[in-house]
Amino acid sequence: MMKITKDEVIYVAKLAKLEINDDDIDKFVGQIGRILEYVNTLEQVDTDNITLTSHATFSTNAFREDIVQRSLEMETALSNAPMQEDGCFVVPKVIA
């Protein structure tokens with residue numbers, strides 16, 4: 001069984017630049033300890049005959065043939081634009 005110590009919690013908090021008090025350290029030792037115990041139970045599962053997967057589902061890409069088609073006319077594309085200028089959409093600035 002894997003245990004975590006107060007010193008390890010303090011070390012990780014320092015790496016993450018977190019300030020934690022002594023009460024929280026004790027709480028984290030318990031919480032992380034329970035997580036590690038759960039992971040330890042998962043390590044005991046027999047996976048010898050399980051096929052390796054990279055995703056939980058077996059979906060594949062739905063590719064379609066790339067067919068060149070006629071685009072919208074500029075007037076049609078801009079017909080519902082609240083603001084337009086020189087054949088382009090005018091939008092609010094989002095990056096300062």
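Just so you know, all these numbers are worked out from the coordinates, no wet-lab data involved. Here the structure is a predicted model, which is why all the values come from computation and not from measurement. No Cβ is skipped: glycine too gets one built from the backbone with ideal geometry, and neighbour counts run over all protein chains shown.
Normalising by the residue count of the chain, find the relative contact order in percent from Cα pairs under 8 Å and 6+ residues apart.
Numbers: 31 pairs, mean separation 19.7, N = 96.
It comes to 21 percent, rounded to a whole number.
Taking only DSSP H segments of four or more residues, each worth -39500 (n - 2.57), what value at 222 nm results for the chain once the sum is divided by all its residues, to the nearest 500 deg cm²/dmol?
Details: 3 runs with 37 residues, N = 96.
The helix-only estimate for the chain comes to -12000 deg cm²/dmol at 222 nm.
Enumerate the amide H contacts of Gln84 below 5 Å, restricted to partners 5 or more residues apart or on another chain; note that Pro and chain-start residues carry no placed amide H.
Residues meeting the amide H criterion: Val90.
For the residue pair Met74 and Glu19, what label-to-label distance in nm results when each label sits 7 Å from Cα along the Cα-to-beta-carbon direction?
It is 6.0 nm.
Given DSSP loops and a limit of at most 15 other Cβ atoms within 10 Å, what is the longest stretch of the chain that contains no such GluC sites (Glu not before Pro)?
Numbers: sites that count: Glu19, Glu65, Glu73.
Segment 20-64 is the longest.
In degrees between 0 and 90, to the nearest 10, how far off the longest principal axis of the chain does helix 22-43 point, with axes built from Cα atoms?
With rounding to tens, the tilt is 80 degrees.
Between [x] 1.29; [y] 1.12; [z] 2.27, which matches Cα Rg over 2.2 N^0.38 Å calculated for the structure shown?
It is the value labelled [z].
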